[in-house]
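All remarks here apply to the structure that follows.
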Amino acid sequence: MKIDFIKCHGSGNDFILIDELKESLNISEKDRINLAIELCNREKSIGADGILFVQSSSFCDGKMRIFNADGSEPEMCGNGLRCVGRYLIDALGKDFITVETMKAKYDVKAVSEIFNGVRTVEIEIDTVSFDVTTLPLNHSKNTLINEAIPALSDELVFTAVSITNPHIVTFIEDLSRDEIIRIGKEANTNKTVFPQGVNVNFVKIIDSNSIYVTTYERGVGITKSCGTGMTASSAAYCLNNPEQYYKELKIYNDGGMIKIYVNKDELNNYKIRFIGNGSYVYSSTVEVDDNLKVTYLSDKKEFEDEISSYNEFLKYTKEVISK
């Protein structure tokens, strides 16, 4: 079976995008899991953090299904949604589209470039909840805000928030990569605390309107960035710093930077504007055999201008982080 795809990324969080709008791959759910595991393998195959299947929807312009590199299917992925949104905007010739995901639908629109030559879209996220049952998290209270989770750390405090997928956020001055991995693994293996696992976000404050986020993603590990992780981190940051609601926040990560506006009404309903890149790296065709093993990769065409522009953007963001 031959599969056309686009290698793409949102803030360095990279994906294999497969278009099923007109013709489905016609494979089983188990095959989708196995295909994700096979194609996302960085040593033996294409390599990516996940696969994005772009499908038709009965009530939106398109539907996104995402499978992580380990074959798990998360409820939502902000960086992936930007890539799918950009793809649908281009494919349908629209500036504004809606995308169906596992548990919600999202508005996506084309906006001014975040950096010269970097294609940018804006997503409106209104699926923010601090109710621990939405993660789920086993906890004695309805919320967990700036509280310890003894199973993870004796020193850090966490805030739990879901963006349809589960997150916890902690603010740090400094933490080793080994400790981030340890905490992330424990959070995803200790089912007495997080029955379905959780994404763990480590946030360092750069200045009043800029933060740096590192995320240990459920089903993936440490990634260059996590879209919903940056969203959750921004919500937790504004909870601690209410003067930052409604203002532009710059969220830096190892894969670049996005802009976020955290808006909240008098009933504590959140609407978060999430602005960042949806970039293409190359298009290609992969052939897999009956066991979904890759037999060859062909017709690779790089998006050279997009790559060059994003590399310049990365130089800028890394200078800010290193200060």
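The values are calculated or read from the model by the stated rules, or taken from the named source; none is laboratory data. Quick caveat: nothing in here was measured; it's all calculated off a predicted structure. Cβ placement follows ideal geometry from the backbone for every residue including glycine, while neighbour counts extend to all protein chains displayed.
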(message) I'm told G255 meets every condition in (1) touching a helix residue (DSSP H, G or I) at 6+ places or on another chain (Cβ under 9 Å); (2) of a type in the set (G, A, S); (3) surrounded by fewer than 19 Cβ atoms within 10 Å (Cβ to Cβ) except one. Can you identify the failing condition by its number?
(response) (3)
(request) List every residue pair whose Cβ atoms lie under 6 Å apart, where the two residues are 6 or more positions apart in sequence or sit on different chains, the first residue falls within segment 129-144 and is free of Cβ contacts under 8 Å to residues at least 60 places away in the same chain and surrounded by fewer than 15 Cβ atoms within 10 Å (Cβ to Cβ), and the second residue, located anywhere, is assigned to a loop (DSSP other than H, G, I, E, B) and of a type in the set (V, I, T). (result) N138/V193
(message) Can you find, within segment 182-215, the residue that is nearest to the chain's Cα centre (by Cα) among those that are within 25 Å of S322 (Cα to Cα), surrounded by fewer than 22 Cβ atoms within 10 Å (Cβ to Cβ) and hydroxyl-bearing (S, T, Y)?
(response) Y212
(request) Kindly provide the set of residues from segment 47-64 that are closer than 19 Å to D4 by Cα and surrounded by fewer than 19 Cβ atoms within 10 Å (Cβ to Cβ), ordered by number. (result) G47, Q55, S56
(message) Tell me which strands (runs of 3 or more DSSP E) are completely within segment 91-143 and hold 3 or more residues being in contact with a strand residue (DSSP E or B) (Cβ under 8 Å, 6 or more places away or on another chain) and closer than 21 Å to E73 by Cβ, or say none if there are none.
(response) 96-100, 105-110
(message) For segment 264-323, which positions are surrounded by 17 or more Cβ atoms within 10 Å (Cβ to Cβ), in a loop (DSSP other than H, G, I, E, B) and touching a strand residue (DSSP E or B) at 6+ places or on another chain (Cβ under 9 Å)?
(response) G278, F303
(request) Take segment 192-222 and flag every residue that is within 19 Å of L152 (Cβ to Cβ) and among the β-branched types (V, I, T). (result) T192, V193, V198, V200, V203, V213, T214, T215, V220, I222
(request) Just name the residue that is nearest to N68 (Cα to Cα) out of those in segment 10-20 that are touching a residue at least 60 places away in the same chain (Cβ under 8 Å) and in contact with a helix residue (DSSP H, G or I) (Cβ under 7 Å, 6 or more places away or on another chain). (result) F15
(request) Count, please, the residues in segment 26-46 that happen to be in a loop (DSSP other than H, G, I, E, B) and in contact with a Leu (Cβ under 8 Å, 6 or more places away or on another chain). (result) 3
(request) Out of the residues in segment 110-128 that are farther than 30 Å from N142 by Cβ and either acidic (D, E) or modelled with pLDDT under 95 (or both), state the one that is surrounded by the most Cβ atoms within 10 Å (Cβ to Cβ). (result) E122
(message) Against the conditions (1) crowded, with 19+ Cβ neighbours inside 10 Å; (2) under 15 Å from the mean Cα position of the chain (by Cα), where does G221 fall short? Just the number, please.
(response) (1)
(message) Given the criteria loosely packed, with under 15 Cβ neighbours inside 10 Å, at negative phi and in the same structural domain as F59 (by TED's automatic domain parsing), does D107 qualify?
(response) no
